[in-house]
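What follows is a single structure, written as structure tokens, with notes after it.
The values are calculated or read from the model by the stated rules, or taken from the named source; none is laboratory data. Worth saying up front: this structure is predicted, and the values here are computed from it rather than measured. A quick note on method: Cβ atoms are made from the backbone with ideal geometry, for glycine too, and the neighbour counts reach across all protein chains shown. Quick note on the areas: whole protein, heavy atoms, side chains included, nothing else; ligands and nucleic acids left out. Shrake-Rupley method; radii C 1.70, N 1.55, O 1.52, S 1.80 Å.
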Amino acid sequence: MSLALLFSPQGAQVVGMGRKLAMASPAARASFAEADAALGWPVSTLAWQGPEERLNDTRQTQPCLVATSIACLRALEEALADRGETLAPGRVAGHSVGEYAALVAAGVLSVADAVRLVARRGELMADAAIDGGMMAVIGLDRAAVTNVVAAAGDGDSLVVANDNSPGQVVVSGTPDALDGVDDALRAAGAKRVIRLNVSGPFHSPLMRDVGRALAAAFDSARWRDASPPVVSNVTAEPVTDARAIRALLARQVSSPVEWVTSIQRMVADGVDTFVECGPGSALSGMVRRIARGARTLQVADPASLAATVDVIAGARAGAAV
């Protein structure tokens with residue numbers, strides 16, 4: 001078994017996330033407490049109790065989601081240790097803001113630095129006041145969406161933002177550009193075109209100034225080389241050098257999330273099992289559409305944690321025999 005850890009993107013958040021796991025796992029509980037102390041406000045309370053409107057404000061969503069994903073990771077490490085096992089992933093990756101949790105898993109950032117940086121990321125994205133949005137395109141592949149977008153946009157006002165899985169691509173741009181491309185995408189064969197409930201044109205060149213401001217905030221954190229490698233959203237390549245990771249992370253907010261290529265690269269590198277740490281199972285669904293032979297596991301609550309530990313420990317016991 002060759003493991004990769006995956007960490008949840010914005011949109012996965014739900015009131016109550018991580019609460020049952022924290023009640024059952026001292027390591028998860030301690031991870032939430034560390035995030036609370038780092039930010040000076042109760043991340044855990046908002047994640048566990050809401051209200052939903054506040055949790056869905058990107059300023060709060062991002063630190064709450066990353067704190068929850070890290071708590072899931074710590075609970076998994078703890079439960080495996082109780083069985084005499086170590087986690088030992090070969091690769092880690094996170095989708096968009098989930099990449100910050102991946103950096104904690106790889107030892108690049110501390111929990112405190114990660115939640116502080118994503119809190120700043122959320123503030124910058126919310127305060128940018130850039131008029132625009134995002135739109136999911138279902139039923140067309142990346143190449144087809146790229147062709148329609150290239151014909152309709154100017155290279156900045158409309159771009160492919162997320163290549164999530166075959167037949168699920170997200171575009172990002174100005175309101176006029178999104179309005180103008182809707183019919184063209186449907187005419188090209190899209191089964192559905194869905195406006196997303198987001199506050200800006202994320203992962204597009206329109207967010208370059210946010211990326212520059214975020215890069216300045218990185219000076220407040222301590223950066224270490226990654227072990228295991230982190231697969232970058234920007235390049236879909238495994239990276240270990242701290243300086244390179246930092247530079248790519250500054251570009252991430254204005255660059256497409258190359259998720260399909262990231263999963264394909266991990267499979268090519270020998271990964272056969274993907275463990276999604278965080279609320280929901282959206283990333284696992286993407287993996288199943290990208291790499292049909294891969295095993296997917298989740299850690300979101302005590303039940304999914306127990307099932308995942310049983311699979312990992314059982315597979316290793318079988319290999320030892």
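Looking at D154, D241, which one is out of contact with any Ser or Thr (no Cβ under 8 Å at 6 or more places or on another chain), farther than 30 Å from A291 by Cα and either open to solvent by 30 Å² or more (accessible area, probe 1.4 Å) or at pLDDT 95 or above (or both)? Outline the logic, then answer.
Working: D241 fails: farther than 30 Å from A291 by Cα.
Just one listed residue meets the conditions, D154.
Exactly one of these conditions fails for P63: (1) touching a residue at least 24 places away in the same chain (Cβ under 8 Å); (2) surrounded by fewer than 17 Cβ atoms within 10 Å (Cβ to Cβ); (3) assigned to a helix (DSSP H, G or I). Give me its number.
(2)
Can you list residue pairs whose Cβ atoms sit under 7 Å apart, with the first residue in segment 18-34 being in contact (Cβ under 8 Å) with a residue 60 or more places away in the chain and aliphatic (A, V, I, L, M) and the second being surrounded by fewer than 24 Cβ atoms within 10 Å (Cβ to Cβ) and not in a helix (DSSP H, G or I)? Count only pairs 6 or more apart in sequence or on different chains.
That search, which allows pairs on different chains as well, returns L21/D301.
Only residues that are out of contact with any Ser or Thr (no Cβ under 6 Å at 6 or more places or on another chain), open to solvent by 10 Å² or more (accessible area, probe 1.4 Å) and outside any helix (DSSP H, G or I): list them for segment 108-132, please.
S110, A128, A129, I130, D131
Taking the residues in segment 199-222 that are open to solvent by 60 Å² or more (accessible area, probe 1.4 Å) and out of contact with any helix residue (DSSP H, G or I) (no Cβ under 8 Å at 6 or more places or on another chain) as candidates, determine which candidate is farthest from G139 (Cα to Cα). Give the derivation first.
First pass over segment 199-222, keeping only residues open to solvent by 60 Å² or more (accessible area, probe 1.4 Å): 199, 208-209, 212, 216, 219-220, 222.
Filter again for out of contact with any helix residue (DSSP H, G or I) (no Cβ under 8 Å at 6 or more places or on another chain), leaving 208-209, 216, 219.
Details: R208: 29, D209: 32, A216: 39, D219: 42 Å.
Here the residue is D219.
Could you tell me which residue of segment 163-188 is farthest from P205 (Cα to Cα), considering only residues that are open to solvent by 40 Å² or more (accessible area, probe 1.4 Å) and in contact with a Gly (Cβ under 9 Å, 6 or more places away or on another chain)?
So, considering only residues that are open to solvent by 40 Å² or more (accessible area, probe 1.4 Å) and in contact with a Gly (Cβ under 9 Å, 6 or more places away or on another chain), the one farthest from P205 (Cα to Cα) is Q168.
Among the residues of segment 36-57, is any under 20 Å from A106 (Cα atoms), at pLDDT 95 or above and out of contact with any strand residue (DSSP E or B) (no Cβ under 8 Å at 6 or more places or on another chain)? Break it down stepwise before answering.
Taking segment 36-57 and keeping what is under 20 Å from A106 (Cα atoms), we get 38.
Retained after the next criterion (residues that are at pLDDT 95 or above): 38.
Still in the running and out of contact with any strand residue (DSSP E or B) (no Cβ under 8 Å at 6 or more places or on another chain): 38.
Looking for residues that are under 20 Å from A106 (Cα atoms), at pLDDT 95 or above and out of contact with any strand residue (DSSP E or B) (no Cβ under 8 Å at 6 or more places or on another chain), one finds at least one in segment 36-57, hence yes.
Looking only at segment 134-160, which residues are among the hydrophobic types (A, V, I, L, M, F, W, C), under 19 Å from Q264 (Cβ atoms) and either touching a residue at least 60 places away in the same chain (Cβ under 8 Å) or assigned to a helix (DSSP H, G or I) (or both)?
Narrowing segment 134-160 to residues among the hydrophobic types (A, V, I, L, M, F, W, C): 134-138, 140, 143-145, 148-152, 158-160.
Within this subset, residues satisfying the condition of being under 19 Å from Q264 (Cβ atoms) are 140, 143-145, 160.
Of everything in segment 134-160, those that are among the hydrophobic types (A, V, I, L, M, F, W, C), under 19 Å from Q264 (Cβ atoms) and either touching a residue at least 60 places away in the same chain (Cβ under 8 Å) or assigned to a helix (DSSP H, G or I) (or both) turn out to be A143, A144, V145, V160.
Return the residue satisfying two criteria in turn: it lies in segment 285-302 and is part of a helix (DSSP H, G or I) and touching a residue at least 40 places away in the same chain (Cβ under 8 Å), and of such residues it is most open to solvent (accessible area, probe 1.4 Å). So that I can check it myself, show each step before the final result.
Taking segment 285-302 and keeping what is part of a helix (DSSP H, G or I), we get 285-290, 302.
If we keep only those that are touching a residue at least 40 places away in the same chain (Cβ under 8 Å) too, we end up with 285-287, 289-290, 302.
Details: G285: 12, M286: 15, V287: 1, R289: 96, I290: 29, P302: 49 Å².
For segment 285-302, the residue satisfying everything is R289.
Do we have any residue at all in segment 246-256 that's surrounded by 16 or more Cβ atoms within 10 Å (Cβ to Cβ), among the polar types (S, T, N, Q) and under 15 Å from G94 (Cβ atoms)?
Looking for residues that are surrounded by 16 or more Cβ atoms within 10 Å (Cβ to Cβ), among the polar types (S, T, N, Q) and under 15 Å from G94 (Cβ atoms), one finds at least one in segment 246-256, hence yes.
Among the residues in segment 38-54, are any part of a loop (DSSP other than H, G, I, E, B), open to solvent by less than 10 Å² (accessible area, probe 1.4 Å) and touching a Leu at 6+ places or on another chain (Cβ under 8 Å)? Don't jump to the end; show me each part of the working.
Taking segment 38-54 first, the residues part of a loop (DSSP other than H, G, I, E, B) are 40-42, 50-51.
Then keep just the ones that are open to solvent by less than 10 Å² (accessible area, probe 1.4 Å); that gives none.
Among the residues of segment 38-54, not one is part of a loop (DSSP other than H, G, I, E, B), open to solvent by less than 10 Å² (accessible area, probe 1.4 Å) and touching a Leu at 6+ places or on another chain (Cβ under 8 Å), which makes the answer no.
Could you go through segment 84-98 and let me know if any residue there is in contact with a helix residue (DSSP H, G or I) (Cβ under 6 Å, 6 or more places away or on another chain) and surrounded by fewer than 23 Cβ atoms within 10 Å (Cβ to Cβ).
So far as segment 84-98 goes, yes, one or more of its residues are in contact with a helix residue (DSSP H, G or I) (Cβ under 6 Å, 6 or more places away or on another chain) and surrounded by fewer than 23 Cβ atoms within 10 Å (Cβ to Cβ).
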